[in-house]
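One structure is given here, and the rest of the page talks about it.
The values are calculated or read from the model by the stated rules, or taken from the named source; none is laboratory data. Since this is a predicted model, take the numbers as computed values, not measurements. Note that each Cβ is placed from the backbone with ideal geometry, even for glycine, and that neighbours are counted across all protein chains shown. Calculation scope for accessible area: heavy atoms of the full protein, side chains included, ligands and nucleic acids excluded. Shrake-Rupley method; radii C 1.70, N 1.55, O 1.52, S 1.80 Å.
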Amino acid sequence: MRGSHAIFDFYNAEQVKLERADRLKDSLERVFKEASFAIEKDMYYQFEPMGVTATLISKECQLSIHTWPEHCSFTVDFYSALEKLEMLKFCEIIKTEFKAKEYDMRIIRSENEQAAA
C-alpha cells in the first residue's frame, strides 16, 4: 500500500481544547467522525499542568498529536493512504474543530514517490 505522510502545525487555536486529554479526545472523536474514520485504538498522555500527547489509529490512518496550550498551538503527524486533496480536507476539518487561525502543512514523499520523481 502506498501511503502519504504529512505534518500539520496549527497556530492560534482554541486553548481550552488543547489543555486536557478529555477535551482533546472529544474534539478528535468529532474530527474522525466527520472524516468517516472509525477509531480502532487510541492513547492519551496528560502533561501537568497542561498539554497532551495522543496517538489514534484507524484503518484509514495513524495520527499523533502534541499540544502546546500555552502557545495555542499543536502539531499533527499523519500517515494515511489518502490522496493529497483528501489530506487537505482532513486538515481543514481539524482546523475548524480547533478554531485554528492558521497552519503549515508538509507532505513527506514516500521512497517509492522519490524514486519515480
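Of note:
- Which numbered condition F37 fails, given (1) buried (at least 16 other Cβ atoms within 10 Å of the Cβ); (2) modelled with pLDDT of 95 or more; (3) outside any strand (DSSP E or B): (2)
- Whenever a residue of region 65-91 is at positive phi, its partners that are part of a helix (DSSP H, G or I), lying with C-beta atoms within less than 9 angstrom and at least six residues away or across chains, give the pairs C72/Q15; C72/L18.
- Residue in region 20-31 that is open to solvent by 40 Å² or more (accessible area, probe 1.4 Å) and assigned to a strand (DSSP E or B) present: no
- Whichever residue in region 58-74 is modelled with pLDDT of 95 or more and exposed (fewer than 15 other Cβ atoms within 10 Å of the Cβ) and, among such residues, is farthest from Q46 (Cα to Cα): H71
- Looking at E48, E83, just one residue is charged (D, E, K, R), open to solvent by 90 Å² or more (accessible area, probe 1.4 Å) and modelled with pLDDT of 95 or more, and that residue is E48.
- For region 8-19, the set of residues classified as open to solvent by 40 Å² or more (accessible area, probe 1.4 Å) and touching a strand residue (DSSP E or B) at 6+ places or on another chain (Cβ under 7 Å) consists of Y11, N12, listed by residue number.
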